[in-house]
Number of protein chains: 2
Amino acid sequence: MKRDKISRNVILRLPRYLRYLEDLRKNDVDRISSGELGQLMGITASQIRQDLSCFGEFGQQGYGYNIEHLKEELGEILGITRPQNAIIIGAGNLGRALIGNFPFERNGFRLTGAFDVSKVVVGAVISGLEVYHMDDLERYLPKTAPDIAILTMPGGVANATADRLINVGISGIWNFTNVDLKITDPNITIESVHFSDSLLTLGYYLSANTETQEK
Amino acid sequence: MKRDKISRNVILRLPRYLRYLEDLRKNDVDRISSGELGQLMGITASQIRQDLSCFGEFGQQGYGYNIEHLKEELGEILGITRPQNAIIIGAGNLGRALIGNFPFERNGFRLTGAFDVSKVVVGAVISGLEVYHMDDLERYLPKTAPDIAILTMPGGVANATADRLINVGISGIWNFTNVDLKITDPNITIESVHFSDSLLTLGYYLSANTETQEK
């Protein structure tokens, strides 16, 4: 199947499959049936078989999935095996949290530089990563060679910053600002982590649960 | 429609509607048709009408939506008008980023305490919020009175911590650890922000785009 035809819901489940397979490998499990994996993950076996069949034939009748093999194949599909360069725009608390704690390499990316506009952080080195001034973005392109940019600066400048980044050739954005980027170029890939959308969703279900219990 | 029967995909769009309505109000727009709103948001007018119809009749033929009114109704549905107490477990970089920068009040929550196990941060006050030792969770219950807990500590202790929090009576968890919580109590609401799932998804689409361009 052509990759760009596969439904987004299937894609969104792949990282979760990978996480469970990694845990199983850590616990020295070699193989698993779709039924057992489904039970662990709280989804049906047929859902798993259907999702994975978009990418090839991974299981064997009567044997199940070879976990190491499936893990490698999923890693390949998710691009982990071809690490790309990422720069991070915004070295505030969230930027620092990601720089210091997030396992970029394990997820197929390599941090090559951080940028900020505040004199307080420009020039600093955070967990081995240098913070440059945003005005020097172009100057550091040969050194940072970014494939993607991570936006952790205030939302008000998100769209202007994104445009500038696309002009210098990045092809993907990992967006942490609470703004939907208005980018129409289909060659630019955007994934957003909207904290407030997630918390509001929690609020919705809390209210819904209270309603149900009151009935 | 009973709230717990509405599809999750609809719920996940509500915060985004609210975000766009807030922006429109900031720009002094009073009313909008489903067609115009759809164009702004990149979805169809009928999708918007269908989503909102799960919760009542908000638009008027020939007039569209009164933005202020719809914003208030959505805020009500998402529980913003009934603020709940939240404690945050883990006052590392990510915890501090949330404490210092995230607009909890605007999203229907109020931070009442932070907990950690590290001597370095216990006793500190971060943006006005006191950090207590996790051993003192029970002691501070009368003061913090938490409805939900936010997990920003290492994933290895996520499930044990969640069990303990449920034992003291919290009804919701906003989970930032990269672990799926194994909680089976249907009265506990969980929303997770899985950073690595999001970045892996970005990696997938970057690889898919490259493939397409190479063809």
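The values are calculated or read from the model by the stated rules, or taken from the named source; none is laboratory data. This structure is a prediction, so every number in the text was calculated from the model and none was measured. Note: ideal-geometry Cβ built from the backbone for every residue, glycine included; neighbour counts use all protein chains shown. Just the protein is used for accessible areas: all its heavy atoms, side chains included, with ligands, DNA and RNA removed. Shrake-Rupley method; radii C 1.70, N 1.55, O 1.52, S 1.80 Å.
Excluding ligands, DNA and RNA, the accessible surface per residue across the stretch A:48-156 is 47 Å² with a 1.4 Å probe. Ordered by solvent-accessible area of protein heavy atoms (1.4 Å probe), largest first, the residues A:T81, A:T177 come out as A:T81, A:T177. Remark on the stretch B:103-167: Rg and Dmax equal 11.9, 32 Å (Cα only).
Taking every alpha-carbon pair in the protein assembly as shown and binning the separations at 20 Å intervals from zero gives 23, 57, 20, 0 percent.
On a per residue basis, the convex hull of the C-alpha atoms belonging to the stretch B:5-76 measures out at 82 Å³.
Return the average number of partner chain Cβ atoms within 10 angstrom of each residue Cβ along peptide B:170-179. Walk me through the numbers on the way to the answer.
Values: counts 0, 5, 6, 1, 6, 2, 3, 0, 4, 2.
Partner Cβ neighbours, averaged per residue: 3.
Using bins of 5 Å that start at zero, the share of Cα-Cα pairs per bin across chain B amounts to 1, 6, 12, 14, 15, 13, 12, 11, 8, 5, 2, 0, 0, in whole %. Share of pairwise Cα-Cα distances greater than 26 Å in the stretch A:92-215 is 28 percent (whole percent). Averaging over all projection directions, the Cα-based convex hull of the stretch A:79-133 occupies 3.4 nm² in the image plane.
Rounded to the nearest 100 Å², what is the buried accessible area between B and A, both sides summed, probe 1.4 Å? Provide the component values of the computation, followed by the final result.
Values: alone 13090 and 13080 Å², together 20500 Å².
Roughly 5700 Å² of accessible surface disappears when B and A pair.
Taking each residue in A:76-82, count the Cβ atoms of any other chain within 10 Å of its Cβ, then average. What number comes out?
Values: counts 1, 5, 9, 9, 4, 1, 4.
Neighbouring Cβ atoms belonging to other protein chains average 5 per residue here.
Expressed as a whole percent, the accessible area of the protein assembly as shown that falls on carbon and sulfur atoms is 48 (1.4 Å probe).
The mean count of C-beta atoms from other chains within 10 Å of the C-beta of residues in B:93-103, rounded to a whole number, is 5.
Largest to smallest in accessible area, the residues B:V117, B:V122 fall in the order B:V117, B:V122 (1.4 Å probe, all protein chains included).
Can you list the chymotrypsin sites (Phe, Trp or Tyr not before Pro) in the stretch A:1-106 that are in a DSSP coil and have 11 or fewer other beta carbons within 10 angstrom?
For chymotrypsin sites (Phe, Trp or Tyr not before Pro) across the stretch A:1-106 that sit outside H, G, I, E and B with at most 11 neighbouring Cβ atoms in 10 Å, the list reads A:Y63.
Between the stretch B:96-153 and the stretch A:76-116, the C-alpha centres lie 27 angstrom from each other.
What's the angle, to the nearest 10 degrees (0 to 90), between helix A:8-26's Cα axis and the longest principal axis of chain A? The answer is roughly 80 degrees.
What do you get for the angle between helix A:67-77 and the principal long axis of chain A? Use alpha-carbon atoms, 0 to 90 degrees, nearest ten. That works out to roughly 40 degrees. Taking all protein chains as shown and a probe of 1.4 angstrom, A:E105 keeps an accessible surface of around 120 Å².
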